[in-house]
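The values are calculated or read from the model by the stated rules, or taken from the named source; none is laboratory data. Everything numeric in this text was worked out from a predicted model, so none of it was measured. Ideal geometry is used to build each Cβ from the backbone, glycine not excepted, and the neighbour counts take in all protein chains shown.
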């Protein structure tokens, strides 16, 4: 390597956002600690191994993170069409061959691990949509262009919905809105689509209710909107959210102590290492512990949006805004459902909940943001 190239690389790495990476690292470490606490008293030997698996997932995710950083983010834009067809291919693979688990077919069995393509798809659609919009920025005021972006996102949304996975499909919609909002989506178009959604959503809900295999989605919404404590269906569907509220409430200000949370250690709180890990945190670390996690997530989102503002081009900016919107929405929704402010959905808490696919893809997203940050200025020779 010549001296000039070494100096060029040094200038690039000088902009690395250590604050962003530090906050993400704290969230991952805290998540591993909570997964250990949540599985301490489990009688299932497979569950007891989840902490070690999450550590392994973190090592793999860290490797993914640094590989993505080393790649100039603009290369992803040049490969956007290939990436889009790759995503569609993965989702079609799931539709054709994935085994059904807990009423949904979302995972591809790779032998050693199971991989959930829709998780990676959230960030791949950011790349393809950001490139699509950035290359046609002057057309953002035209309705036909906005409709074309809807078609771009709509195909993967349909494939994810059919798995069925409504909560992840909605995230793809959040990405669409975030990127187009950043590009300057007109208020008239927002009002138009809002009116259409007001008409379509009730019809879609009725279709979900009547469609075998999708009724569990409707049941979760009905339990949230029209609770009926006397109904056996309500008692079954609402059990976990009620235990989550008890966990949060019994934690008080400072919690019952690490490894001593009554709802966690006595296993009243189910899926406490995944969807309801925030309730487990609140049970053992109280209001203060939960607030710290919220502030760390908010700081991560702030640093990502800041990276979008400093990006050297619109493509990099849209990538950051899309990734920031994913983390913001998923964090807000996960914490909201833990507190019974939103319907229950299978959305893990970013960087904290157990899961390889989720952790790898979020670290992939943070790697993309850092790649934008490292190259936010033209290199001067």
> Residues of segment 74-96 being in contact (Cβ under 8 Å) with a residue 40 or more places away in the chain and touching a strand residue (DSSP E or B) at 6+ places or on another chain (Cβ under 9 Å), which ones?
Replying inline: 94
> Before we move on, is residue 332 without any contact (Cβ under 8 Å) to a residue 40 or more places away in the chain and in a helix (DSSP H, G or I)?
Replying inline: yes
> Is there a residue in segment 144-152 that is closer than 23 Å to residue 364 by Cβ and either modelled with pLDDT of 95 or more or surrounded by fewer than 22 Cβ atoms within 10 Å (Cβ to Cβ) (or both)?
Replying inline: yes
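What do you reckon, is residue 222 modelled with pLDDT of 70 or more, in a helix (DSSP H, G or I) and farther than 24 Å from residue 323 by Cα?
Spelling it out, it is not the case that residue 222 is modelled with pLDDT of 70 or more, in a helix (DSSP H, G or I) and farther than 24 Å from residue 323 by Cα.
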> Of the residues in segment 335-377, how many are farther than 27 Å from residue 76 by Cβ and either out of contact with any helix residue (DSSP H, G or I) (no Cβ under 9 Å at 6 or more places or on another chain) or part of a helix (DSSP H, G or I) (or both)?
Replying inline: 4
>> For segment 103-116, check the following and say yes or no: at least one residue is in contact with a helix residue (DSSP H, G or I) (Cβ under 6 Å, 6 or more places away or on another chain), at pLDDT below 95 and closer than 30 Å to residue 374 by Cα.
In response: yes
